[in-house]
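Accompanying notes for the structure given below.
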Amino acid sequence: MFLVKRCASILYLVIGILLFSSCNTKNENKTTDGIIPESKMITIITDLHIIDATINIKHINKRNNNKKITKYYNYVLKKYGYNRIQFNKSIEYYSGEPEKLDKIYDKVLEELSKKQVMGKKEK
């Protein structure tokens, strides 16, 4: 009986390792063709957050102005040479790479903080 429990434990351990390793290599097989580089993602996401903040400050009703908001977002993407499809594909890719996404958002927060300090100095 002890031997059966021990074998079952080893079997569960092996299955767990296989499942974990298959999940872990999932994004290694993904191609990065068409993915926006991290440095550009930082700049784009920073600008998009500024747009969102501006919309919130001006109390623009997002439901009624979705076309306008989409226009602003598309303008930012176009400014950097990308489109919505490329951006969405990149967000999907980076969402599967948590360390990279964390790094991107750390830099975005850093950039937003710098811009906030610069804005306060201008006043």
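Assorted remarks:
- Some residue of the stretch 24-39 being modelled with pLDDT of 85 or more, part of a helix (DSSP H, G or I) and loosely packed, with under 15 Cβ neighbours inside 10 Å: yes
- Residue check for Lys100: surrounded by fewer than 16 Cβ atoms within 10 Å (Cβ to Cβ), modelled with pLDDT of 85 or more and under 22 Å from Lys114 (Cβ atoms): yes
- A count restricted to the stretch 103-123 and to residues that are among the β-branched types (Val, Ile, Thr) and surrounded by 11 or more Cβ atoms within 10 Å (Cβ to Cβ) stands at 2.
- Counted residues, the stretch 83-123 - those being among the charged types (D, E, K, R), closer than 22 Å to Thr70 by Cα and without any contact (Cβ under 8 Å) to a residue 40 or more places away in the chain: 2
- Check on Lys78, at pLDDT below 90, under 23 Å from Gly34 (Cα atoms) and either in the same structural domain as Ile36 (by TED's automatic domain parsing) or not acidic (Asp, Glu) (or both): no
- Note on the stretch 40-66: residues that are touching a helix residue (DSSP H, G or I) at 6+ places or on another chain (Cβ under 8 Å) and at pLDDT 85 or above amount to 11.
The values are calculated or read from the model by the stated rules, or taken from the named source; none is laboratory data. Not measured: the values here are computed from a predicted model. Neighbour counts are summed over all protein chains in view; Cβ atoms, including those assigned to glycine, are modelled from backbone coordinates with ideal geometry.
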